[in-house]
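The values are calculated or read from the model by the stated rules, or taken from the named source; none is laboratory data. Note that the structure is predicted; figures quoted are calculated from it, not measured. No Cβ is skipped: glycine too gets one built from the backbone with ideal geometry, and neighbour counts run over all protein chains shown.
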């Protein structure tokens, strides 16, 4: 009996350890943010919510597809991660998780998410599949190691959850859904290029081209400023088309104004501290804007 209890305890410990490792692989904060964009797209069309089961299905299908594609990206990029100080201790490059095992898990989760999405609605499923395809095949496998402009396709992939959620809610692809996806698309450079500036040396060692290294920090900051202006304007257009309550519209406007001020300040008086501030607040901006849409739709 004692031996059985000890064996069960070891098994439980092993499972919990493995789950913690996979939690790192799915980049939980990034995955969670993308799920929120999908929920915002769906809720913008279906409020007031009449089916908690449908909302749970949206969250689960998107979560599986996004997390699975993230694991697949991590499997493919494990050689890059091994050369970067920031990422060399991730579960795959450190050997804590076997690459073949992670590949099977990533494929299984992605497939389950897409199949579930197709079962909910064919159009929704097609868009979710497009997000996985653009993220894994176009962005990661084909373009990431070739050109810094790969982030455009990464942005397209990032916009698919919002577009998918909106399409599921209204039954078609409409202007609001496209603009939601575009808001994410133009937000992506603000999020990624700032990170590329901060870790330019790491990316140079890994062989991944980023704008800070291929075009110089000044031009990279200019691109951040342009993309931020467009992202904020597009998000405000979405809020206006949805006829959000004044408080939701005001919240999106204030968050956008703060992001713009930080971005322009970083362009005029560049510093590592300001650059990191833009990077951190960009995520808060996107999360806050999507929450405003969910709350005020």
Residue in segment 245-263 that is closer than 24 Å to residue 38 by Cβ, in contact (Cβ under 8 Å) with a residue 40 or more places away in the chain and buried (at least 22 other Cβ atoms within 10 Å of the Cβ) present: yes
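Condition check ((1) at pLDDT below 95; (2) part of a helix (DSSP H, G or I); (3) buried (at least 20 other Cβ atoms within 10 Å of the Cβ); (4) in contact with a helix residue (DSSP H, G or I) (Cβ under 8 Å, 6 or more places away or on another chain)) across all residues:
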| site | (1), (2), (3), (4) |
| --- | --- |
| 15 | yes, yes, no, no |
| 20 | yes, yes, no, no |
| 40 | no, yes, yes, yes |
| 50 | yes, no, no, no |
| 85 | yes, no, no, yes |
| 88 | yes, no, no, yes |
| 92 | no, no, yes, yes |
| 102 | no, yes, yes, yes |
| 108 | no, yes, no, yes |
Residues of segment 253-272 that turn out to be more than 23 Å from the chain's Cα centre (by Cα) and assigned to a helix (DSSP H, G or I), as a count: 7
